[in-house]
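**Q** Quick one: the structure is below, and I'll ask about it shortly.
The values are calculated or read from the model by the stated rules, or taken from the named source; none is laboratory data. Model, not experiment: these values are computed from the prediction. When we count neighbours, we look across all protein chains shown, and the Cβ atoms used for this are built from the backbone with ideal geometry, even at glycine. Accessible surface is based on the protein model in full, side chains and every heavy atom, while ligands, DNA and RNA are left aside. Shrake-Rupley method; radii C 1.70, N 1.55, O 1.52, S 1.80 Å.
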Amino acid sequence: CMCQIKMSGTGLLRCCRFFQFVVILLILVEQRHVQANVNNHLAGVHRRFEYKYSFKPPYLAQKDGTVPFWEYGGNAIASAESVRVAPSLRSQKGAIWTKSPTNFDWWEVEIVFRVSGRGRIGADGLAFWYTTQKGDYNGAVFGSSDRWNGLGIFFDSFDNDNKHNNPYIMAVVNDGMKQFDHQNDGTTQLLSGCLRDFRNKPFPTRARIEYYNNVLTVLFHNGMTNNNEDYEMCLRADGVQLPKNGYFGLSAATGGLADDHDVFHFLTTSLHPPGQIPSEPVKSPENSEKLTQEYKEYQEKLEKQKQEYKKEHPDEVKDDDEWEEFFESENQRELRQIFQGQSQIFEQLRDLSRKVDEVIGRQENTLSLVSRSAGAAPVQQVGGATGAGVPPVATGPVSGTITRPEVDLMVANQNALLATARELRTLIGEIQIRTDTIIQNQQRAPTAQVQPAGYDIQAVINEMRDGMNQVKQGMAHVGQKLGSPQAGAQVGCPTGNCVGVTLFLGVTVVQLLLVFLYQIFKSRSEAQAKKFY
């Protein structure tokens, strides 16, 4: 009112938006405060997970399709990951119930489910039950029986009363005498509720239903985040009187419209006041003896039936004995694993031994080749201690193992030969580069006249003469190294077909002259062809 009286235009709009922001902030703070109170009032309460009243994946359903400690019917389908209480087909109903009633007064149930369908509007919904008797699997109230005695929490997705207040979550308590009001969606009978959308969410939706000290609390997770603790308050009711020793159940139904109603987790936790820790039931000696006697009787009965069957079907008994050979005991399995491990170790050792033998064989071959090359040349050995003049003794081919100095001498000579070969390779490469330069210079000459080649040819001849002199000097140096005594011994060529220096230089000069004459002939032919055209 103050905004409307004193302001107008933009100021009025800003004032109203600020007021809306403050209201939303107060609502959020109040919700957080209520949720904190809910969590605080359970402080010190002893909690125990009740597996006989729960199911969850994986292996939710057994191989035979049954769910341990639960029974389902109607159109419900159980798999290893979830229970599809009602599929997305028209007029389908199904339910799942615990086999035994509860033996605790206060409890908390967490349900993880998903309601999904193709249409913008779905039907009919999912229901959670806590009743004194198990309901039907094809009932009128969300797939279960009407006139129930206990609690029903309905996740209603279809708007029957056309008030546009669905999807809606409501809690309805019945004493077994009232009939559910379908026309008004149960609004005349509900204990409390909240308007929450739970269809087609990116993550599974969750509901946490708690009943402790006659206080019923329902928290809801809208499935918009993957945070499992992102709950918000849906409803809270005090003074709720529920019967003891009830059955838990889930049911769902479809109508003209259809949704898939999948439940993934149903986790039950019993709540016990502080100081009242539940104790396991003590088994009396009489019951233990009774169970033991029944087990023995069952074993004896089973053995008798086996003997009778063997007498009546001797052929099938033989087949059974043959099949038993395919199964192994624990001792046989352990021995087989030990044998397999030792076999693998033996294979690895055999591979290593084979590789070592190969390495030794290669070393022996190398040593034999070195011994042969050293024994084929005359070796002049110098021996004696310091101060004792022992004349060198020339020996013929050595027919024994070679010494370390001889191997070092051979390696040094091979290194010298390799260095000389590298120098020759470098010199030949330079000659080739310069020859390519000459060819390029003549190709750049004008087409109407021939470039005189006197100066260039003379320069090439001089360069070739210099290169040959360098080759002679290198070969002479190598010859001096090969001819000089090193380490007190002189080693000749390993074979008798050594090439002399003069023959090698002559062959090299002839090859260079042939290459040079071919280049001159080629350049003149190209020049004549250019002049003709």
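**Q** Go ahead and run the numbers for FRET between Arg333 and Phe504, Cβ-Cβ distance against an R0 of 51 Å, rounding to 0.05.
**A** For R0 = 51 Å, the calculated efficiency reads 0.10.
**Q** Continuing with this model, one more query. Around His265, which amide H atoms from residues at least 5 apart in sequence, or from another chain, sit under 5 Å from its own amide H, with H modelled in the peptide plane?
**A** Val112
**Q** Given the Cα-Cα distance of Asp181 and Asn413 and 0.36 nm per residue of separation, how much length would full extension add, in nm?
**A** Gain on stretching Asp181 to Asn413: 72.3 nm.
**Q** Report the relative contact order of segment 159-256, percent, no decimals, based on alpha-carbon pairs under 8 angstrom and at least 6 residues apart.
**A** Relative contact order of segment 159-256: 21 percent.
**Q** Can I ask one more? Which length gain, in nm to one decimal place, applies between Leu367 and Ser353 when the Cα-Cα distance is subtracted from 0.36 nm times their residue separation?
**A** Using 0.36 nm per residue and subtracting the Cα-Cα distance, I get 2.9 nm.
**Q** A follow-up question, please. Which order do the peptides 463-475, 331-343 take when ranked by the mean count of other beta-carbon atoms within 10 Å per residue, highest first?
**A** In decreasing order of mean packing, 463-475, 331-343 become 463-475, 331-343.
**Q** Follow-up. Can you work out ³J(HN,Hα) from phi for every residue in segment 187-201, in order, using Karplus 6.51 cos²θ - 1.76 cosθ + 1.60 and θ = phi - 60°, giving whole Hz and x for Gly and Pro?
**A** Values per residue, Gly and Pro as x: 5, 7, 10, 6, 7, 6, x, 8, 9, 9, 8, 10, 9, 6, 9 Hz.
**Q** Using modelled backbone amide H atoms (1.01 Å from N, in-plane), which distant-in-sequence or interchain residues come within less than 5 Å of Gly125's amide H?
**A** For Gly125, whose amide H was placed from the backbone, the distant partners under 5 Å are Ser157, Ala253.
**Q** For the pairs Lys52/Lys304; Lys134/Lys201; Lys99/Lys244; Lys290/Lys310; Lys63/Lys306, note any where the Cα-Cα span goes beyond 23 Å.
**A** Among Lys52/Lys304; Lys134/Lys201; Lys99/Lys244; Lys290/Lys310; Lys63/Lys306, the Cα-Cα distance tops 23 Å for Lys52/Lys304; Lys134/Lys201; Lys290/Lys310; Lys63/Lys306.
**Q** Once phi is turned into θ = phi - 60°, what whole-Hz ³J(HN,Hα) does the Karplus curve with 6.51, -1.76 and 1.60 give for every residue of segment 89-95, x standing for Gly and Pro?
**A** Per residue, the Karplus-derived 3J(HN,Hα) values read 10, 6, 6, 10, 9, x, 7 Hz.
**Q** Kindly write out, for segment 266-276 in residue order, the coupling ³J(HN,Hα) from the Karplus curve 6.51 cos²θ - 1.76 cosθ + 1.60 (θ = phi - 60°), rounded to whole Hz, with x marking Gly and Pro.
**A** Per residue, the Karplus-derived 3J(HN,Hα) values read 9, 10, 10, 10, 7, 10, 10, x, x, x, 10 Hz.
**Q** OK, next. Compute the Cα gyration tensor for segment 49-272, then decide on rounded, prolate or oblate, letting a ≥ b ≥ c be the square roots of its eigenvalues: rounded whenever a/c is under 1.5, prolate when a/b is larger than b/c in the other cases, and oblate in all that remain. The partial results should precede the final answer.
**A** Values: a/c = 1.21, a/b = 1.04, b/c = 1.17.
Rounded shape, in that the Cα axes give a/c under 1.5.
**Q** I'd like the carbon and sulfur percentage of the solvent accessible area for segment 216-298, probe radius 1.4 Å, heavy atoms only, ligands and nucleic acids excluded. Don't jump to the answer; show the numbers that get you there.
**A** Numbers: 2300 of 4580 Å².
Of the solvent-accessible surface of segment 216-298, carbon and sulfur hold 50 percent.
**Q** If amide hydrogens are placed 1.01 Å from N in the peptide plane, which non-local residues have theirs closer than 5 Å to the one on Asn200?
**A** Placed amide hydrogens put Val115, Ser116, Gly117 under 5 Å from Asn200.
**Q** Same structure, new question: What ranking, highest mean first, results for peptides 502-510, 356-364, 49-57 when packing means the other Cβ atoms within 10 Å averaged over each residue? Walk me through the intermediate numbers first.
**A** Numbers: 502-510: 11.9, 356-364: 9.9, 49-57: 16.7.
Averaged packing, sorted descending, gives the order 49-57, 502-510, 356-364.
**Q** Here's another thing I want to ask about it. If the chain between Lys311 and Arg196 were fully stretched, how many nm would it gain, using 0.36 nm times the residue separation less the Cα-Cα distance?
**A** Full extension of this stretch gives 34.6 nm more.
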